[in-house]
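Peer 1: Okay, here's the structure, questions in a sec.
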Amino acid sequence: MNKKFDLYPTRGSFEPGMPIAFRIQNLGSATNVVLHVSSIDGLTFECSAAIEEGMPIVTISEHRFGPGGYGVKAQFCINGVTLATCFTAFDVAPAGKVIRYGFLCDFTPENGQDTDIEAMARMHINAVQFYDWSYRHDDFVSPTPDYTDMMGKHNNLTIIRKKIQQCRSHGMLTLAYGAVYAASEAYQKRHPDQSLYNGAGEPICFINTFYIMNLEREAGWHNHILEQYQHAINDVGFDGIHMDTYGAPKFAFDSQGRAIYLCDEFPKLIESAHLISTESRKTPFLMFNNVGGWPASRTMLTSQQAVYIEVWPPCTRYRHLGALISEARNSRKPVVLAAYPAPFRTDAPERALECQLFLSFVIGMYGATQLFFGEENAVITQGYYVDYTKLNDEQLEWIRVYQDFFVQYETLLMDDTMEDVSMTHQGWDNHEYAFSPEGSADGEDGKIWFHLRQNRKRKAIYIVNLLNNNSLWNEGKIKPCKMETVTMQVQVMSKPNDVWFASPDQVHGQRRHLPYQLLKTEQGLAVCAEVQVLRCGVIVVEGG
């Protein structure tokens with residue numbers, strides 16, 4: 001990690017038409033910085049700017065970038081001599097088009113600085129969940145600035161409002177945590193008719209603290225929680241609501257003993273929340289927590305702006321994550337997986353890092369993003385975000401390289417027109433794609449995984465090296481001991497426009513042209529090329 005020189009975008013995302021700006025870290029003697037911007041669609045742009053020592057901002061005002069992801073190489077120079085080269089990325093997209101979700105949970109006066117927001121900006125976070133910010137789950141806004149929440153955590157409302165403004169200035173949407181059916185014991189005692197009950201006729205309670213309430217429109221809780229959402233948006237200033245659930249119960253009984261099926265009630269509540277009247281006249285930004293993927297098939301087509309899935313067993317393997325993402329992407333909305341890497345809490349630091357790098361690449365290649373990062377360089381490792389784990393310098397550096405990669409290649413990763421043909425175009429009698437060594441189409445233990453996506457414009461071959469690892473996503477991993485040579489043969493209709501390779505493990509994810517042979521086979525033309533892969537990478541065949 002370069003301690004003297006760095007740069008990162010001033011916003012999590014830039015909306016179309018905005019000038020692109022970077023925070024520059026110049027703690028050395030550089031007098032100017034040269035920026036090289038590129039995209040997978042062939043755009044190249046270069047500009048130079050004089051810089052002062054410190055943390056100045058450099059703005060690209062002479063060019064407007066279209067929607068998509070861009071890579072940036074920055075050369076820090078003095079008198080024509082390059083002192084250091086750094087990398088970052090940025091994307092241009094309407095607000096909410098691509099969600100890179102982070103979290104905040106420390107809201108005391110001691111946490112009033114913006115170092116946590118700057119840390120998230122370095123990771124390109126563009127939406128932030130304010131976790132456990134409320135006074136009570138049934139009474140969001142505290143009557144006093146300082147208060148203690150239902151879990152005993154100290155918060156300050158002034159700091160929360162300050163953090164909202166800091167996020168907004170960095171292009172980050174702010175979502176208030178708001179559990180859809182959790183009430184305090186005091187509220188439940190006053191409104192037993194609004195509770196949900198188990199088969200024994202007892203009120204359902206989570207961790208002896210949160211009472212589970214009836215979401216039916218006819219029940220008083222439905223309107224009550226909507227009023228709390230409205231207070232969060234209008235009185236505190238949030239852009240929307242993170243509508244949390246616990247995944248259980250899936251059915252229960254109302255106070256009259258009538259069966260209530262929660263999968264029927266969640267979509268109705270989301271639609272009601274969508275209609276909340278806001279002082280800004282903007283539609284609330286909503287994300288609903290489909291715990292374990294349930295009931296995503298019912299909620300993903302409602303009036304929420306993204307599909308959010310919190311992953312728990314039995315979804316334990318990479319292929320399970322792929323299945324969750326693939327179903328959710330049918331909504332044509334951004335997909336966020338809350339996949340919390342426990343090894344940062346339970347395993348050695350180097351094994352935890354490898355777990356996260358493999359995990360994030362798998363999520364990215366399926367076209368989704370991951371909630372795991374927030375606060376000041378911290379990661380979530382379990383359901384209670386407050387018990388986060390701080391990253392060390394090496395972990396932080398590598399995770400940032402991978403996050404830069406996902407933003408730089410967003411145009412490829414998030415392309416809804418690219419079909420997953422992994423299970424139909426390789427192996428057995430399928431000659432469209434062939435590899436040596438032979439691998440796995442769905443991430444089997446101890447094999448190289450080839451994940452294939454294509455449309456008529458390009459073909460993408462994602463490679464994940466699991467030769468020394470299993471496919472359990474939430475276990476520590478071993479760093480591959482050497483580069484693996486992979487040879488591919490891909491059928492094409494004509495000579496491709498280009499063949500290129502990129503890996504976050506090599507040259508900060510910068511793509512490079514891949515030499516190839518154009519062969520004539522029994523099936524027609526085929527591109528043959530060879531790459532070396534450490535953990536993961538992607539080969540792209542343009543055209544053909």
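Peer 1: Dimensions of segment 5-92 along principal axes (Cα, Å, largest first)?
Peer 2: Sorted from largest, the Cα extents of segment 5-92 read 35, 23, 19 Å.
Peer 1: I would also like to ask the following. Quick one: length gained pulling GLN517 to LEU467 fully straight, 0.36 nm per residue minus the C-alpha distance?
Peer 2: Extending this stretch completely gives an extra 15.3 nm.
Peer 1: Right, another one. Can you run phi through the Karplus equation (6.51, -1.76, 1.60; θ = phi - 60°) for segment 293-310 and list ³J(HN,Hα) in whole Hz, with x for Gly and Pro?
Peer 2: Couplings: x, 10, x, 4, 5, 8, 9, 5, 9, 7, 7, 10, 8, 8, 10, 10, 10, 8 Hz.
Peer 1: At 222 nm, what value in deg cm²/dmol follows for the chain if DSSP H runs of at least 4 each add -39500 (n - 2.57) and the sum is divided by all its residues, to the nearest 500?
Peer 2: On the way: 11 runs with 108 residues, N = 544.
Dividing the helical sum by the residues of the chain leaves -6000 deg cm²/dmol.
Peer 1: Please give, to one decimal in nm, the separation of the simple spin-label points placed at SER303 and ALA84, each 7 Å out from Cα toward the Cβ.
Peer 2: It works out to 4.9 nm between the two label points.
Peer 1: Cα centroid distance between segment 294-370 and segment 112-159, in Å?
Peer 2: 24
Peer 1: Sticking with this structure for a sec: Quick one: Cα centre-to-centre distance for segment 190-226 and segment 1-62, in angstrom?
Peer 2: Here the answer is 52 Å between Cα centres.
Peer 1: For ILE20, which sequence-distant residues (separation of 5 or more, or a different chain) have an amide H within less than 5 Å of its own amide H, given hydrogens modelled in the peptide plane?
Peer 2: ILE60
Peer 1: Now, a different point. For HIS170, which sequence-distant residues (separation of 5 or more, or a different chain) have an amide H within less than 5 Å of its own amide H, given hydrogens modelled in the peptide plane?
Peer 2: Counting only residues 5 or more places away or on other chains, the set is empty.
Peer 1: Using amide H atoms built 1.01 Å from N in the peptide plane, name the residues 5+ places from SER440, or on other chains, whose amide H lies under 5 Å from its own.
Peer 2: Here ILE448, TRP449, PHE450 satisfy the definition.
Peer 1: On a 24 Å Cα-Cα criterion, which of the cross-link pairs LYS457/LYS495; LYS97/LYS479; LYS447/LYS482; LYS189/LYS268 come out too long?
Peer 2: On the way: LYS457/LYS495 13 Å; LYS97/LYS479 34 Å; LYS447/LYS482 14 Å; LYS189/LYS268 26 Å.
Distance filter (> 24 Å) returns LYS97/LYS479; LYS189/LYS268.
Peer 1: Okay, moving on. Multiplying the sequence separation of CYS263 and GLU542 by 0.36 nm and subtracting their Cα-Cα distance, what value in nm do you get?
Peer 2: Difference between extended and current length: 96.1 nm.
Peer 1: Here are some values of percent of Cα pairs over 40 Å apart: (i) 19; (ii) 27; (iii) 36. Which one was computed from this structure?
Peer 2: Given (i) 19; (ii) 27; (iii) 36, the calculated one carries the label (ii).
Peer 1: Kindly write out, for segment 491-503 in residue order, the coupling ³J(HN,Hα) from the Karplus curve 6.51 cos²θ - 1.76 cosθ + 1.60 (θ = phi - 60°), rounded to whole Hz, with x marking Gly and Pro.
Peer 2: 5, 9, 7, 7, 4, x, 6, 6, 10, 9, 9, 8, 9
Peer 1: Please list, by residue number, every one of the trypsin sites (Lys or Arg not before Pro) in segment 2-55 that is coil in DSSP and has at most 12 other beta-carbon atoms within 10 Å. Could you put the intermediate results ahead of the total?
Peer 2: Details: sites: LYS3, LYS4, ARG11, ARG23; in loops: LYS3, LYS4, ARG11.
Those that pass, being in a loop and sparsely packed, are LYS3.
Peer 1: Measuring from the lowest to the highest alpha carbon on each principal axis, how far does segment 302-428 reach, largest first, in angstroms?
Peer 2: 40, 38, 31
Peer 1: Once the other residues with Cβ under 12 Å from the Cβ of GLU410 are scored (Lys, Arg +1; Asp, Glu -1), what is the net sum? Walk me through the numbers on the way to the answer.
Peer 2: Numbers: positive: LYS97, ARG100; negative: ASP41, ASP91, ASP404, ASP415.
Net of charged neighbours comes to -2.
Peer 1: Highest first, please rank the peptides 316-325, 441-450 by the mean number of other Cβ atoms sitting within 10 Å of their residues.
Peer 2: Top to bottom by mean Cβ count within 10 Å: 316-325, 441-450.
Peer 1: Can you compute the FRET efficiency between SER494 and HIS63 using 1/(1 + (r/R0)^6), with r the Cβ-Cβ distance and R0 = 35 Å? Round to the nearest 0.05.
Peer 2: Working: r = 33 Å, r/R0 = 0.94.
Rounded to the nearest 0.05, the efficiency is 0.60.
No value in this document is a laboratory result; all are computed from the given coordinates. Keep in mind the model is a prediction, meaning the values are calculated, not measured. In this analysis, Cβ positions are derived from the backbone assuming ideal geometry, glycine residues included, and neighbour counts consider all displayed protein chains.
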